[in-house]
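The block underneath contains the structure these notes are about, expressed in C-alpha cells.
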Amino acid sequence: MESMEMFRFENSGFLWGLLIIPILTLFFIWSRIARKRALRRFGNDEIMKFLMPFASKNRPRFKFFILILTLAFIILGIARPQYGSKLKKVNREGVELIIALDVSNSMLAEDIQPNRLERSKLAISRLVDELKDDKIGLIVFAGDAYIQLPITSDYNSAKLFLNSVNTQIVPKQGTAIGAAISLGMRSFTPGSKASKAIIVISDGENHEDDAISAAKSAVENGIVVHTIGMGLPQGSPIPVLRNGAMGYLKDNQGNVVITKLNETMLGQIAAAGNGIYVRANNAQVGLNTLYDEINKLEKTEMESLVYSDYEDQFQYFFAIGMLLMLLEFVILERKNRYLKNIKLFAVK
C-alpha cells in the first residue's frame, strides 16, 4: 500500500489501548486516597511515621509513573510504528482543491452547533476522508489571509493542520474573502494542468476588499470558486471570554453584536466564480454537495511523491518498555534500611 505519510502506525487500531492509561491513573489516585483514609483511622501522621519508618509516600507514585510509561511504550510498539524509507514518483488522476476557511471572531457564533468554526472543521475533516487522488490545501483568513497547509496529497497532515485552527491563528481581525481567493489562486501547484477549485467557507460578512472581483479573476485563470455559508440569517451573538467569565461581544454603545449570515454576498461570489453557493444548517454543512461538483471536474494526471517502503521502529519502543519495566521492578516501595537517612537535597 502506497502512502504519503512519513510516519505511520501499521496496526493503528491497537492505539485505542492507550485509553486504559487514564482509567488506571484514576484507579491509582482513588486507591491512594482510600489508603490514606484507612491509615488515619489508626492514628495521626506523626504516629504512623513512627510505626512505619520505612514507608515511602513518593516511591509508589514513582513506580506507578514508570509502569504507565512502560504500558504506553508497549502499546505503541504493538501498533507497529513505521518510518517511510523510500520515495517514488507516481501518477494520479485528480483535481487540486484549496479550502479557504474564515477564522474571524464571528465564526464563534453558535447558531450552527457547536459553533460555526468547529462545525466547518468537522466538515472539512470528513471531506478529506472522501478524497482519493486529489490534492488539497488550506488557507485561513480574517482581516488577512495566510497559508495554513500548502497543496498536498498527504491527507493526514491536512487533518493535523486543521485541528490546530482557531480564531487566534490570524493576528488581524476582519473578513477579507477577496484576499483569501487571491492567495488561493497563487497556492496551486505551479505549472499544474489539473482542474482547480477554491471553496470559501465563511459567514459572508466581508468588510475588507472586493471579493467578487477576486472570484472573476480566478475564473480567468481557470479556477472555480464555490462558497459555503456558515450561520443562520437571523444571526447570533459572538461569545467572548472576559475576566474569566463568558459573555458576548458588544459594540461601542454597549449593545450585543449580532452576526448574521450574508447569503447575498456569498451567492454573488459563487456566481462570479462559476461555482455554486451552499448554505449550512445544523443538519449538514454542504461539503458533500460541493464534493459532487468537484467530482464533475475533469480529472487530470498529476505527479506525486509517495512512500513505497517503510521500516519498522517497534523494536525501539519495546526496548524502552522493557528497560522501564526492569527499573520499576528494582525500585522498592519501601525505603532502604541503610539509605533512608541520606538526604541529598536537604537544606543546611
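The values are calculated or read from the model by the stated rules, or taken from the named source; none is laboratory data. The model shown is predicted, which means the values in this text are computed figures rather than measured ones. Cβ atoms come from the backbone with ideal geometry, glycine included; neighbour counts cover every protein chain shown.
Computed quantities for the displayed model
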{"read-out": "Looking only at the stretch 120-156, and only at residues there that are touching a residue at least 60 places away in the same chain (Cβ under 8 Å) and over 25 Å from Arg279 (Cα atoms), the one that is nearest to the chain's Cα centre (by Cα)", "value": "Asn156"}
{"read-out": "Residue in the stretch 269-278 that is over 18 Å from Val140 (Cα atoms), assigned by TED's automatic domain parsing to the domain that holds Ala123, out of contact with any Gly (no Cβ under 7 Å at 6 or more places or on another chain) and part of a strand (DSSP E or B) present", "value": "no"}
{"read-out": "Candidates Phe27, Phe50 - the one that is modelled with pLDDT under 70, in a helix (DSSP H, G or I) and among the aromatic types (Phe, Trp, Tyr)", "value": "Phe50"}
{"read-out": "Qualifying residues in the stretch 77-96 (those that are in a strand (DSSP E or B), touching a Ser or Thr at 6+ places or on another chain (Cβ under 9 Å) and at pLDDT 75 or above) - the one nearest to Lys296 (Cα to Cα)", "value": "Gly94"}
{"read-out": "Subset of the stretch 97-109 [assigned to a helix (DSSP H, G or I) and not hydrophobic (A, V, I, L, M, F, W, C)]", "value": "Asn105, Ser106"}
